[in-house]
Amino acid sequence: MKDRLVSALKKSAADYTEVRFEINDSNSITFRGQEIDSVSSSKLSGGIVRACTRGGWGMAVFDSLEDLGNGIREAGEGAVLVGREKTELAETAGPATAEVPARLERDFRGVSLDDKIKILSGYNTILLKTDKSIATTQANYSDSFRTVHFASSRGNYFREERPRVILALSAVARDGALVQRAYDAVSSKTTFNVVQGLEALAEETARRAVKLLKAPPCPGGVYPVVLDQEMGGVFAHEAFGHLSESDFLYENPQVRDLMVIGREMGVKELNIVDDGSHPGLLGTQAFDDEGTPTGKTYLIREGKLVGHLHSLETAAKMGEKPTGNARAIGRGVPPIVRMTNTYIEAGKMSFKELLAGVDRGIYARGMMGGQTMMEVFTFSAAYGYRIENGQVGELVRDVVLTGNVFQTLHNIDGFGNDLKILQKGGGCGKGGQSPLPVTDGAPHLRIRDVVIGGK
Ligand SMILES: [Zn+2]
């Protein structure tokens, strides 16, 4: 394959040309309520050529390698039509040749579709049977084995296998007009075993939806809040991480002014990292989709902004180093600047010590959804508890947190010693490419003066 891609690229007259060819073998099963809703298996292959001339990009998507030559010609012609300036792309630190086979403890390709359906059906039955107030359920299983071949006119080539398996469970409980939902998921890029033995998780998920029916709504107000690792992680990713992505940053002068290297972003204990090389996580890969090796990038270190996430182009334009964050969701789409595994580093406090500082507050757990508008975020926790006199108390529902990310980063006054990076199948969406496998994490965090907009 290498020779075929490299020799085809020799015919390109563009300043820079790359080709990525992928084969994706995938399966997906969904149960809704009592019924099996869908089962699909596919093996798809195809690729994309990107060419850059005088700063202009041309692209061509192709299905079969026979069309590679045409693709290179078309992408090159497209680039010539739009190129007006100068091609600025950072040097690639990528390899001349690299082979990165998957390291699977237990390969999901060795398990029959029937057995996968049986496992999922078992969990779905538990969700349905746990309580009579369960109105409906959804259970999803998916696996994907993606083989990526990449070559560029700079002489880089890699082949990387990127497997993943994801299982997600959700239950909806109903009492009259009141509806409550609970959700949980697991994922792995190393073993099928992660989706087995989840009977307790299924029951716990259903029970949580049922319990939320009886829980009072979270009182609105301004409180100290303790975030669990999932909420802290999503906060790091959604509220802050996306602002670090340099394609977005470069095109938004307002954000560029906010995200200046050296700016004080938070308290001294605050460190936020993106690490695409962290072993075994869903957002981990050896190379990004421009052939740059992934690595650990500090975004915030000791409270100060120290890094941005880059592709080759954004790195060159901003005079920084590429970070291995140009990622494409699959064949036929170009890479854009994306996070990988993003987390807030652990501090020193135990969970008990974090709670001890709170007379009256909220412990927010799990993430149900949210949105961000530049630096303003609104997140819904999956559920929460009151904190009274340093103790976790009553379960509450409808926990909605609102704030300004920069102010919130300054208001973190406690970092737990219990960093957890959650592997829940992490589907990041950006530029129409979703769900991209990422993970995020944090230790328990205590934050002062959070606006809670319960009902
Ligand atoms: Zn995202």
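Structure notes:
- Of all the criteria given as (1) part of a helix (DSSP H, G or I); (2) touching a strand residue (DSSP E or B) at 6+ places or on another chain (Cβ under 8 Å); (3) not charged (D, E, K, R), the one not satisfied by residue 69 is (2).
- Scanning region 222-267 for residues that are β-branched (Val, Ile, Thr) and either more than 22 Å from the chain's Cα centre (by Cα) or away from the ligand (no atom under 15 Å from the Cβ) (or both) yields 222, 225, 226, 255, 260, 261, 267.
- Candidate set from region 400-440 (those that are away from the ligand (no atom under 11 Å from the Cβ) and among the charged types (D, E, K, R)); member that is surrounded by the most Cβ atoms within 10 Å (Cβ to Cβ): 424
- Test result for residue 405, among the aliphatic types (A, V, I, L, M), within 24 Å of residue 243 (Cα to Cα) and assigned by TED's automatic domain parsing to the domain that holds residue 268: yes
- Residue list for region 312-367, restricted to those being part of a helix (DSSP H, G or I) and within 27 Å of residue 267 (Cα to Cα): 318, 351, 352, 353, 354, 355, 356
- Restricting 333, 376 to residues that are more than 18 Å from the chain's Cα centre (by Cα) and β-branched (Val, Ile, Thr) narrows the list to 376.
- Among (1) farther than 29 Å from residue 275 by Cβ; (2) within 16 Å of the ligand (Cβ to nearest atom) - the single one residue 386 does not satisfy: (2)
- Test: residue 324 is crowded, with 24+ Cβ neighbours inside 10 Å, in contact (Cβ under 8 Å) with a residue 40 or more places away in the chain, out of contact with any Phe, Trp or Tyr (no Cβ under 6 Å at 6 or more places or on another chain) and on the phi > 0 side of the Ramachandran plot: yes
- Entirely in region 400-439, the strands (runs of 3 or more DSSP E) that have 3 or more residues that are under 12 Å from residue 266 (Cβ atoms) and at pLDDT 90 or above: 412-415
The values are calculated or read from the model by the stated rules, or taken from the named source; none is laboratory data. Predicted model only: the values in this text are computed from it and were never measured. All Cβ positions, even for glycine, are placed from backbone atoms using ideal geometry, and neighbour counts span all protein chains on display.
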